[in-house]
Each structure stands twice: as C-alpha cells, then as structure tokens.
Amino acid sequence: MVVIRVFGTGCQKCQEVYENVKKAVEELGIDAEIIKVTDVDEIANWIYVTPGVAFDDYIIFEGKVPTVEEIKEELKSYLEEKE
C-alpha cells in the first residue's frame, strides 16, 4: 500500500489535485491511503509551494496541478521502483 499526501490549504487548485489523485488511484485500482494535508505548519515541513503531492515520504509534485494521467504515470513508476 502507498500513502499519498495531497498538500493544500483548500483552494480550488488544491481541491483539483485531490480529485485528480483520487481518480488516478481509482483508475489504476491500487491500494492507497489518500491523506489531505491542510495544516499550514505541516505543509511547510514538506513543501514550499502548494499544491503538492507526496507518495509515502517522497515529494512528487509541487506548485502545480498534475493531470490524472501525470499522476498515474508517476504512481506506476513509483510502485515499480518500490517492488
């Protein structure tokens, strides 16, 4: 299982990233826990610019809204490396 953190304060872009992550996980049919991180102090411990996405403890996207396809590609690569 992979833990996916979506970092954002609740703005439209952050909501879009969260929805894209959910859709990517659903389309790939993988076992993932998606955590929405909205606490500013916790976000600051991870990234400088929101929105952001981390797989387990690795920052994958920062300061952009990745498409569902981009998230799926990164997730596939990450899971292959993790095996």
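The values are calculated or read from the model by the stated rules, or taken from the named source; none is laboratory data. Nothing here was measured: the structure is a model prediction, and the numbers come from that model. Quick reminder, even Gly has a Cβ in these numbers, built from the backbone with ideal geometry, and neighbours come from all protein chains shown. Side chains included, ligands, DNA and RNA excluded: accessible areas come from the protein's heavy atoms. Shrake-Rupley method; radii C 1.70, N 1.55, O 1.52, S 1.80 Å.
Looking only at segment 4-27, which residues are loosely packed, with under 15 Cβ neighbours inside 10 Å and over 18 Å from LYS64 (Cβ atoms)?
Those that are loosely packed, with under 15 Cβ neighbours inside 10 Å and over 18 Å from LYS64 (Cβ atoms): GLU26, GLU27.
Within segment 34-61, work out how many residues are within 13 Å of the chain's Cα centre (by Cα), open to solvent by 80 Å² or more (accessible area, probe 1.4 Å) and acidic (Asp, Glu).
The number of residues fulfilling the criteria is 1.
If you scan segment 26-83, which residues turn out to be among the polar types (S, T, N, Q) and not in a helix (DSSP H, G or I)?
THR38, THR50, THR67
Restricting the first residue to segment 58-76 and requiring it to be within 17 Å of THR9 (Cβ to Cβ) and at pLDDT 95 or above, which pairs with a second residue that is in a helix (DSSP H, G or I) and among the acidic types (Asp, Glu) meet a Cβ separation below 8 Å and a spacing of at least six or different chains?
PHE61/GLU70; PHE61/GLU74; VAL65/GLU16
Taking interchain pairs and intrachain pairs at least six residues apart, which have beta carbon atoms under 6 angstrom, with the first residue in segment 14-36 and at pLDDT below 95 and the second assigned to a strand (DSSP E or B) and of a type in the set (Phe, Trp, Tyr)?
Matching pairs, first to second residue: none at all.
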